[in-house]
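Student: Questions regarding the structure given below will be posed in turn.
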Amino acid sequence: MSERAHVCIIDDDEAVREALRVLLFAEGYQSCQFASADEFLALESEPEVDVILLDIRMPGMDGMELHKELIARKSKIPVIFITGHGDIPLAVAAIQRGAFDFLTKPFENGELMEKIDAAIQRYRETREALEELEELQGRYSSLTARETDVMMKIIAGYSNKKVANTLNISPRTVEIHRSRVMEKMGADSVAVLVRMAGALGIES
Amino acid sequence: MMLVEPDKDVRLALTTLLENQGWQVAALDNGEALEKILKEATPLAVVCEASLPDKSASNVLEACRRRQVPIVFLGHQTEVQSAVDLVRMGAEDFLEKPFPQARLLKLLDRIAQKHVG
């Protein structure tokens, strides 16, 4: 990992927390620990961590409930469940709900580290994709209403002349709008603009 | 509906269960036969034992995914990691044997509705 990744450990067993902390430290990762779901949720804002290792069975709110709460809060941090009790229905439900992975004790340290790295990698990709989308949304919202109209026609495959006829404006005006759309969106071809529209969920 | 179950008794019991619910069932005892059929046909869903002697569950899953056929695996309690991996890779579900019959039937109804609707 290029930057020091940050792992959050939520487990009521102090010995487990400590063992994980030491392992992660030795592997060059930062970590923070919480002894319960409530302790974690008491934070004012979601901690900036790359992955959460979550114990299923804990007194008070258990790991599954906390995972549901994180989903309700629209958290994107990947969650790896760790449990001493291999339970297929529980594991499958966790994955179907969107948990990144599920690990049954006892496990090899290497196995855990592999899963942590995979989760971190995916989280970084997700964040990058979200940032790109946000930037694209920003560019799209900077278009004027007329430019948006022209963009819709361009991505639908209209020629300048046809856009001009449809919107009842001169072909020269269409050209100007068109070049502004391409410039503002940062698209160097219609194909790129069509892909951008797809990413934005815009239909022509 | 395709069923893949190497154990003859279980295969018969599941076939009867599904047929009684009005499903048309083609029952097989190995993964190779399923993969051959998937090249020609697109069943509504596949119900498959996770530990087949001739094919790995992930191979079977891949063959189903290529044809966009939903698959439900059946397996044993010891296969938690396998269940997790298969569901992550796109299996509809993994039911631990023995499972309540109603659970499988409900799941298949849901899959059928999704498929048709």
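Student: Check off (1) more than 14 Å from every other protein chain (Cβ to nearest Cβ); (2) under 25 Å from A:Ala94 (Cα atoms); (3) outside any loop (DSSP other than H, G, I, E, B); (4) out of contact with any Leu (no Cβ under 8 Å at 6 or more places or on another chain) for B:Ser82 and give me the number that stays unchecked.
Tutor: Status for B:Ser82: all satisfied but (1).
Student: Going by the structure shown, is A:Gly63 within 14 Å of chain B (Cβ to nearest Cβ) and either closer than 30 Å to B:His76 by Cβ or modelled with pLDDT under 95 (or both)? Reasoning before the result, please.
Tutor: Details: within 14 Å of chain B (Cβ to nearest Cβ): no; either closer than 30 Å to B:His76 by Cβ or modelled with pLDDT under 95 (or both): yes.
No, not satisfied.
Student: Would you tally the residues in segment B:93-117 being exposed (fewer than 12 other Cβ atoms within 10 Å of the Cβ) and assigned to a loop (DSSP other than H, G, I, E, B)?
Tutor: Within segment B:93-117, residues that are exposed (fewer than 12 other Cβ atoms within 10 Å of the Cβ) and assigned to a loop (DSSP other than H, G, I, E, B) number 3.
Student: Then there is this: If a residue must be more than 12 Å from B:Val87 (Cβ to Cβ) and within 8 Å of chain B (Cβ to nearest Cβ), how many such residues does segment A:77-102 contain?
Tutor: 2
Student: Kindly provide the set of residues from segment A:103-120 that are surrounded by 15 or more Cβ atoms within 10 Å (Cβ to Cβ), free of Cβ contacts under 8 Å to residues at least 60 places away in the same chain and either polar (S, T, N, Q) or away from every other protein chain (no Cβ under 12 Å) (or both), ordered by number.
Tutor: The one that is surrounded by 15 or more Cβ atoms within 10 Å (Cβ to Cβ), free of Cβ contacts under 8 Å to residues at least 60 places away in the same chain and either polar (S, T, N, Q) or away from every other protein chain (no Cβ under 12 Å) (or both): A:Thr104.
Student: Return yes or no: is B:Leu28 under 17 Å from A:Ile95 (Cβ atoms) and at pLDDT 95 or above? Please lay out each step first, then the result.
Tutor: Details: under 17 Å from A:Ile95 (Cβ atoms): no; at pLDDT 95 or above: yes.
Considered against the rule, which asks whether it is under 17 Å from A:Ile95 (Cβ atoms) and at pLDDT 95 or above, B:Leu28 comes out as no.
Student: State all residues of segment B:1-31 that are surrounded by 15 or more Cβ atoms within 10 Å (Cβ to Cβ) and part of a helix (DSSP H, G or I); if no residue qualifies, say none.
Tutor: B:Val10, B:Arg11, B:Leu14, B:Thr15, B:Leu17, B:Leu18, B:Gly31
The values are calculated or read from the model by the stated rules, or taken from the named source; none is laboratory data. Predicted model, so just to flag it, every value in this text is computed and none were measured. Glycine gets a Cβ as well: all are built from the backbone with ideal geometry, and neighbour counts include every protein chain shown.
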